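The values are calculated or read from the model by the stated rules, or taken from the named source; none is laboratory data. Values in this document were obtained by computation on a predicted structure and should not be read as measured data. Glycine also receives a Cβ, built like all others from the backbone with ideal geometry; neighbour counts cover every protein chain displayed.
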């Protein structure tokens with residue numbers, strides 16, 4: 001238990017700081033004063049934050065996120081560190097995508113999750129998982145043809161040669 005955060009407050013502070021970091025990285029917001037918040041909101045008008053998909057700091061909520069507060073509170077520091085790494089990967093992936101700077105070393109974390117892979121999977125792991133799923137879903141072996149086509153589309157969208 002000594003490896004866990006003591007309170008919800010500690011976790012909330014850490015997670016709130018991640019939101020500020022995302023705003024700094026993606027939108028170059030350095031001033032979080034009240035006067036700048038209106039400008040920031042208008043600048044981000046219809047842009048979704050990665051933070052909103054990952055976290056919700058309310059103890060009881062109906063919002064669907066990857067890591068609700070109650071789940072975060074049960075994790076040790078290493079697990080939280082992995083989640084924060086996953087969050088940063090998502091933020092930088094979106095930043096590079098928004099600015100047209102993606103290269104072949106970045107893979108869409110959403111597609112990797114659909115394939116059952118971690119966000120930092122390398123090309124060998126992706127190809128191995130694709131082959132495993134192709135053997136299951138291929139219509140010639142009695143698999144589901146629609147799932148096989150979906151798998152092919154996911155693999156092609158990763159731009160792997």
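For this structure, a couple of remarks:
- Residues of the range 55-87 classified as closer than 19 Å to residue 21 by Cβ and in contact with a helix residue (DSSP H, G or I) (Cβ under 9 Å, 6 or more places away or on another chain), total: 13
- Unique residue being farther than 30 Å from residue 12 by Cβ and in a helix (DSSP H, G or I) when the list is 148, 87: 148
- When the range 56-84 is filtered for residues that are touching a residue at least 12 places away in the same chain (Cβ under 8 Å) and surrounded by fewer than 13 Cβ atoms within 10 Å (Cβ to Cβ), the ones remaining, listed by number, are 59, 74, 76, 77, 78.
- Residues of the range 60-82 classified as assigned to a helix (DSSP H, G or I) and closer than 21 Å to residue 118 by Cβ, total: 8
- Hits in the range 94-106 (condition: touching a helix residue (DSSP H, G or I) at 6+ places or on another chain (Cβ under 8 Å) and in a helix (DSSP H, G or I)): 94, 95, 98
- So residue 120, is it at pLDDT below 95, in a loop (DSSP other than H, G, I, E, B) and surrounded by 13 or more Cβ atoms within 10 Å (Cβ to Cβ): yes
- For the range 27-49, the condition of being surrounded by 13 or more Cβ atoms within 10 Å (Cβ to Cβ), in a helix (DSSP H, G or I) and at pLDDT 95 or above holds for none of the residues.
- Selection count where residues are loosely packed, with under 15 Cβ neighbours inside 10 Å and within 25 Å of residue 19 (Cβ to Cβ), scope the range 88-105: 6
To keep it simple, each residue is scored yes or no on (1) in contact with a helix residue (DSSP H, G or I) (Cβ under 8 Å, 6 or more places away or on another chain); (2) in contact (Cβ under 8 Å) with a residue 40 or more places away in the chain; (3) assigned by TED's automatic domain parsing to the domain that holds residue 14.
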position	(1), (2), (3)
89	yes, no, yes
92	yes, yes, yes
117	yes, no, no
123	no, no, no
131	no, no, no
148	yes, no, no
153	no, no, no
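- Residue in the range 107-114 that is closer than 30 Å to residue 9 by Cα, surrounded by 13 or more Cβ atoms within 10 Å (Cβ to Cβ), in contact with a helix residue (DSSP H, G or I) (Cβ under 9 Å, 6 or more places away or on another chain) and touching a residue at least 12 places away in the same chain (Cβ under 8 Å) present: yes
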